[in-house]
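Asks: To start, I am sharing the structure in question, which I have written as structure tokens.
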Amino acid sequence: MSELFDLPSDLQNSYFGLVALHLREALIPVLAGLLVALPVAQLCVRVRWLYAPVLWVTTVLYAIPSLAFFVILIDYTGLSELTVMIPLAVYSLVVLVPAIVDGVRSVPQETLAAATAMGFGPVRRYVQVQLPIAAPAIIAGLRVASVSSVSLVSVGMLIGNEGALGNLLNSGLIYNQPRLIWLSVVGTAVLALLVDAALIGLRVLLTPWMPRATRKNPRPLAVKEAAR
Amino acid sequence: MNVLNFINSFFSDNAHWQGYDGIPARLAEHLEYTLMALGIAAAVGLPIGLLTGHTGRGGNALALIATSARALPSFGLMVLMFILLGLGMAPVMIPLVVLAIPPILVTTYEAMRSVDPAPVDAARGMGMAETAVLFRVELPVALPLILSGLRSAAIQIVSTATIAAYVSFGGLGRYIIDGLYQRNYEKVVGGATLVAAMALTTLAVFWALGRLAVSPGVRRRH
């Protein structure tokens with residue numbers, strides 16, 4: 001068992017150390033993206049005309065290839081983890097803003113009016129009514145963002161071995177060890193699926209009020225998910 | 001400012017415009033990878049998406065396929081295919097096609113499902129055959145969304161084809177990978193600029209395609 005997961009010592013890490021590093025490099029940017037996306041999306045909901053230009057900017061940003069983004073950043077942040085995490089945060093932001101805007105907009109007018117009539121202020125209404133109802137849409141966005149983030153971290157290997165599990169790809173090639181490449185590919189895929197499953201679990205926990213069928217498969221969101 | 005200087009000196013160097021490592025040659029290689037992968041992915045994804053969307057069956061299976069395909073890391077898959085299959089087109093095409101099928105497949109399915117049922121019923125009531133309903137009513141209405149699926153697939157292919165250079169293939173990634181190894185930052189930045197420009201051009205091409213192919217009546221609603 002231990003032999004299967006043995007790594008060359010120049011990686012200076014164990015396999016599960018790399019897994020932890022991979023998770024960190026993939027998920028911190030998604031969290032950062034979420035923290036920026038929430039106020040941006042709220043602004044787009046409030047100021048309606050802002051949404052179309054914001055959507056254009058996000059589409060263009062998403063079109064910038066990850067490797068190009070990484071290497072341009074080298075000049076500013078060096079060969080560091082940050083150089084990998086900044087583009088991933090931008091991609092997450094780009095996926096999350098439309099997801100949140102659509103989610104928050106889907107809250108029915110009557111529900112908002114009812115909340116106001118019950119004496120909810122704008123902040124409390126946002127936190128206790130709009131966000132929970134938008135939760136399935138937000139989590140759908142988070143799923144796409146985090147799965148693609150997990151997959152993209154590997155590319156960081158090309159800029160000074162900052163790719164966590166992706167670093168195994170290089171070791172596998174230079175030491176002629178296909179086992180390491182399999183470890184990288186299978187490990188990354190399993191990690192992506194586990195993160196995805198965890199987010200589905202989170203959605204079920206956060207939306208106890210949704211009927212089972214729609215909770216399992218909120219149809220209109222699938223288009224948005226797929227379009228990314 | 002620094003980066004802009006690098007870009008300027010890369011593009012003004014005459015040597016970068018000639019020969020097998022020149023910009024036209026690398027651009028052509030990149031375009032070839034992109035078009036071929038997009039063609040294969042569309043040939044697989046579009047018919048399945050149109051058919052399942054038309055009949056409304058198999059949506060859950062498609063979502064499952066899309067999720068698992070997305071979980072596969074393209075970079076790792078490309079290296080793995082390279083050591084398994086060696087030099088050739090297959091190690092480049094397999095990861096790119098796997099990458100491009102989910103957006104095409106699922107968006108096409110959802111685009112067909114979201115077509116207003118009233119005109120489809122009207123078409124059937126007028127006596128249109130199923131194929132006519134599919135191609136003359138549903139497809140034109142679903143076209144904007146279908147194109148957006150093809151667009152995201154194309155953009156992801158353009159950006160991922162860059163990585164093929166790491167496992168000895170051509171394309172614009174050659175400048176980035178070679179530049180990194182040679183510590184020639186000018187080359188790296190030049191390559192990155194070219195890839196980004198190609199991705200943005202793809203965006204523009206699909207925008208133009210949408211203007212041309214989508215009927216004005218449908219466009220006004222979007």
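Asks: Among (1) within 12 Å of chain B (Cβ to nearest Cβ); (2) out of contact with any Pro (no Cβ under 9 Å at 6 or more places or on another chain); (3) not aliphatic (A, V, I, L, M), where does residue A:24 come up short?
Replies: (1)
Asks: Here's something else I'd like to know. Just to be sure, is residue A:166 modelled with pLDDT under 90 and within 20 Å of the chain's Cα centre (by Cα)?
Replies: Details: modelled with pLDDT under 90: yes; within 20 Å of the chain's Cα centre (by Cα): yes.
Judged against the criteria, residue A:166 is a match.
Asks: Whether any residue in the range B:67-75 is part of a helix (DSSP H, G or I) and more than 12 Å from chain A (Cβ to nearest Cβ) is what I want to check. Give the derivation first.
Replies: From the range B:67-75, those part of a helix (DSSP H, G or I) are B:67-71, B:74-75; that's our starting set.
Right, trim to more than 12 Å from chain A (Cβ to nearest Cβ) and you get none.
Within the range B:67-75, none of the residues are part of a helix (DSSP H, G or I) and more than 12 Å from chain A (Cβ to nearest Cβ).
Asks: Another one. At pLDDT 90 or above, in a helix (DSSP H, G or I) and of a type outside the set (Gly, Ala, Ser): is that true of residue A:157 in this structure?
Replies: Values: at pLDDT 90 or above: no; in a helix (DSSP H, G or I): yes; of a type outside the set (Gly, Ala, Ser): yes.
When the stated conditions are applied, residue A:157 does not pass them.
Asks: Please tell me if residue B:91 is out of contact with any strand residue (DSSP E or B) (no Cβ under 8 Å at 6 or more places or on another chain), more than 10 Å from chain A (Cβ to nearest Cβ) and not small (Gly, Ala, Ser).
Replies: Working: out of contact with any strand residue (DSSP E or B) (no Cβ under 8 Å at 6 or more places or on another chain): yes; more than 10 Å from chain A (Cβ to nearest Cβ): yes; not small (Gly, Ala, Ser): yes.
In short, yes.
Asks: Restricting to the range B:53-89, count the residues that are buried (at least 23 other Cβ atoms within 10 Å of the Cβ) and of a type in the set (D, E, K, R).
Replies: 1
Asks: For the range A:91-118, how many residues are modelled with pLDDT of 90 or more and not in a helix (DSSP H, G or I)?
Replies: 1
Asks: Here's a follow-up. Return the pairs, sorted by first residue and then second, in which the second residue is assigned to a helix (DSSP H, G or I) and modelled with pLDDT under 85, the first residue lies in the range B:179-205 and is facing chain A (nearest Cβ under 10 Å) and over 18 Å from residue A:76 (Cα atoms), the beta carbons are less than 6 Å apart, and the residues are 6+ apart or on different chains.
Replies: If the second residue must be assigned to a helix (DSSP H, G or I) and modelled with pLDDT under 85, the pairs left are B:195/A:68; B:196/A:68; B:199/A:63; B:200/A:63; B:203/A:63.
Asks: Taking the range A:74-101, which residues are surrounded by fewer than 21 Cβ atoms within 10 Å (Cβ to Cβ) and either within 14 Å of another protein chain (Cβ to nearest Cβ) or of a type in the set (Val, Ile, Thr) (or both)?
Replies: A:74, A:75, A:76, A:77, A:78, A:79, A:86, A:90
Asks: Out of all the residues in the range A:121-137, is one or more among the small types (Gly, Ala, Ser), facing another protein chain (nearest Cβ under 9 Å), part of a helix (DSSP H, G or I) and closer than 27 Å to residue A:28 by Cα? Spell out the reasoning first.
Replies: Here is the first cut: in the range A:121-137, the ones among the small types (Gly, Ala, Ser) are A:121, A:134-135, A:137.
This time we only want the ones that are facing another protein chain (nearest Cβ under 9 Å), so: none.
Checked against the condition, which is being among the small types (Gly, Ala, Ser), facing another protein chain (nearest Cβ under 9 Å), part of a helix (DSSP H, G or I) and closer than 27 Å to residue A:28 by Cα, the range A:121-137 yields no hits at all.
The values are calculated or read from the model by the stated rules, or taken from the named source; none is laboratory data. On a predicted model such as this, the values are computed, not experimentally measured, just so you know. With ideal geometry, Cβ positions are generated from the backbone for all residues, glycine too; neighbour counts draw on all protein chains shown.
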